[in-house]
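Structure first, commentary second.
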Amino acid sequence: MDLDTLTTMLLDFVRAHQGWAPFIVGLLAFAESLAVVSLLVPSTVLLLGIGALIGASGLEFWPIWLSAAVGAILGDWLSYAIGFRYKHAAFRVWPLSSCQNLSDRGEQFFARWGAWGVYLGRFIGPMRAVVPLTAGIFAMPMLLFQTATIASAFVWAFIMLAPGASLTALAK
């Protein structure tokens, strides 16, 4: 199954079963923020499509936005926990093991930016997959990590959903 087919099927499902939209968006944001999984799941495209569907179908924006933020936060927290528990061994698991350059860049990014790296990494596709994991590996203080990830998740969820919701609502 190709990306276009998957996107069409999911958007059709959300259109037909609008009550599931917050749950689906939360799962997509979780997958997008979870180390390793985010490299395999095309969540960004799907979230942007659902953002457009919000405006076109009259779905409530705020519950879906909240679900996206919570899913992203949970994905980051699990990534952090994996990194904290398994340290550098986490980078030996596929697909990270085949992307050594990505894990090296994630470590450099985190070493340079610290908590700001956790915040900024959310907005940089490939870094979103490794920065929370790296923060766990280097045992970043939990309060600092949580502050950065919560703040970035709410902004990121808005950026992912609001443009499509606004533009399609204006076009109606």
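Nothing in this text is a laboratory measurement; each read-out follows from the coordinates by a stated rule. The shown structure was predicted, so the numbers you read here are calculated from the model rather than taken from an experiment. Don't worry about glycine lacking a Cβ; one is built from the backbone with ideal geometry, like all the others, and counts go over all protein chains shown.
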Task: Test item: Cα-centred dipole of the chain, Lys/Arg +1 and Asp/Glu -1 on Cβ, debye - done: 360
Task: Helix axis angle, 3-16 relative to the chain longest principal axis, alpha carbon, degrees - done: 50
- [ ] Over region 1-158, calculate the relative contact order: mean separation of alpha carbon pairs under 8 Å at least 6 apart, over the residue count, as a percent.
- [x] 28
Open item on the list: Using the Cα centre of region 1-86 as the reference point, and only Cβ charges (+1 on K/R, -1 on D/E), how large is the resulting charge dipole? Debye, rounded to the nearest 20.
Closed with: 200
Open item on the list: Quick check: Cα centre of region 70-98 to Cα centre of region 1-45, how many Å?
Closed with: 20
Task: On Cα atoms only, tilt of 125-137 relative to the major axis of the chain in degrees - done: 40
TODO: Please give the residues of region 119-142, grouped as numeric ranges, whose backbone N is less than 16 Å from a label point set 7 Å along the Cα-to-Cβ vector of TYR86.
DONE: 129-139
Task: Listed peptides 110-118, 63-71, 157-165 by packing density, highest first (mean Cβ within 10 Å) - done: 63-71, 157-165, 110-118
TODO: Would you work out which of ILE82, SER67, MET127 lies farthest towards the positive end of the dipole of region 1-150? Charges go on Cβ: Lys and Arg +1, Asp and Glu -1.
DONE: ILE82
- [ ] Treating the angle as unsigned and between 0 and 90°, give the value, to the nearest 10°, between the Cα long axis of helix 100-113 and the longest Cα principal axis of the chain.
- [x] 80
TODO: From the P(r) of the chain, can you give the percent of Cα pairs sitting at distances over 21 Å?
DONE: 46
